[in-house]
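One structure is given here, and the rest of the page talks about it.
The values are calculated or read from the model by the stated rules, or taken from the named source; none is laboratory data. Source: prediction; values computed, not measured. Here the Cβ positions follow ideal geometry from the backbone for every residue, glycine too, while neighbour counts run over all protein chains shown. Accessible surface is based on the protein model in full, side chains and every heavy atom, while ligands, DNA and RNA are left aside. Shrake-Rupley method; radii C 1.70, N 1.55, O 1.52, S 1.80 Å.
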Amino acid sequence: MGDQENEDRRREFWQTLLAMGFEPDKLCTGTYSAIKLDSQVFQRGIYHTKAAELVFHFLLTQLDPARFKREFFDAWPIADPRQARDFRAHVFKWLDELRRDSNEAQEEGAGDARWPADVPVRRSYIDECKGPRFEQILWALALFVAHSLLRHGSGAWAA
């Protein structure tokens, strides 16, 4: 993917987050107050790990708030490095499950598979929280969540 395509995807990702109700000004408080959330944060931002925590929290709670609360009870809010590692481990498991379920649905010919087959979910990408491969994972998750919100008429798009 070329530089312009990456730039376009970053802008689209950011606009999708905002359309789903993501409010950076309200989220960047406390330990997150130094973060400048924008479309470039995972490319050159120094707070990319903290930004990833906020974005994953937002997207996963949009997808399934009860599951997030149940599975992340010991890892959110993040107060120390151990919790940050646990948080990323939970995120990886959930995303890998979404990818596997989508692949199985595609193989069975089901029309509801939404995780792109060309976007791998690797723990190292999630641990690093930056770069084009990580951004692909975020974009895939954002599209997955947006599709789910539209299909179920929930979240910021419920009207």
**Asked** Can Val55 be described as buried (at least 19 other Cβ atoms within 10 Å of the Cβ), among the hydrophobic types (A, V, I, L, M, F, W, C) and not in a helix (DSSP H, G or I)?
**Response** no
**Request:** Kindly check whether there is at least one residue in segment 126-138 that is at pLDDT below 95, within 14 Å of the chain's Cα centre (by Cα) and among the aliphatic types (A, V, I, L, M).
**Result:** no
**Message:** If I go through segment 85-114 residue by residue, how many of them are touching a Lys or Arg at 6+ places or on another chain (Cβ under 9 Å) and assigned to a helix (DSSP H, G or I)?
**Reply:** 8
**Request:** Confirm whether Glu108 is surrounded by 12 or more Cβ atoms within 10 Å (Cβ to Cβ) and of a type in the set (Asp, Glu).
**Result:** no
**Prompt:** Do the conditions hold for Ala84, that is, is it open to solvent by less than 50 Å² (accessible area, probe 1.4 Å), small (Gly, Ala, Ser) and within 16 Å of the chain's Cα centre (by Cα)?
**Reply:** yes
**Message:** Scan segment 62-78 and tell me whether some residue there is in a loop (DSSP other than H, G, I, E, B), in contact (Cβ under 8 Å) with a residue 40 or more places away in the chain and either under 21 Å from Ala19 (Cβ atoms) or open to solvent by less than 30 Å² (accessible area, probe 1.4 Å) (or both).
**Reply:** yes
**Message:** I need the full set of residues from segment 9-65 which are among the aromatic types (Phe, Trp, Tyr) and under 22 Å from Leu150 (Cβ atoms), in order please.
**Reply:** Phe13, Trp14, Phe22, Phe56, Phe58
**Item:** Near pairs, Cβ below 7 angstrom, 6+ apart or cross-chain, from segment 100-121 (closer than 20 Å to Leu149 by Cα) to any residue that is open to solvent by 80 Å² or more (accessible area, probe 1.4 Å) and at pLDDT below 90
**Value:** Ala113/Gln106
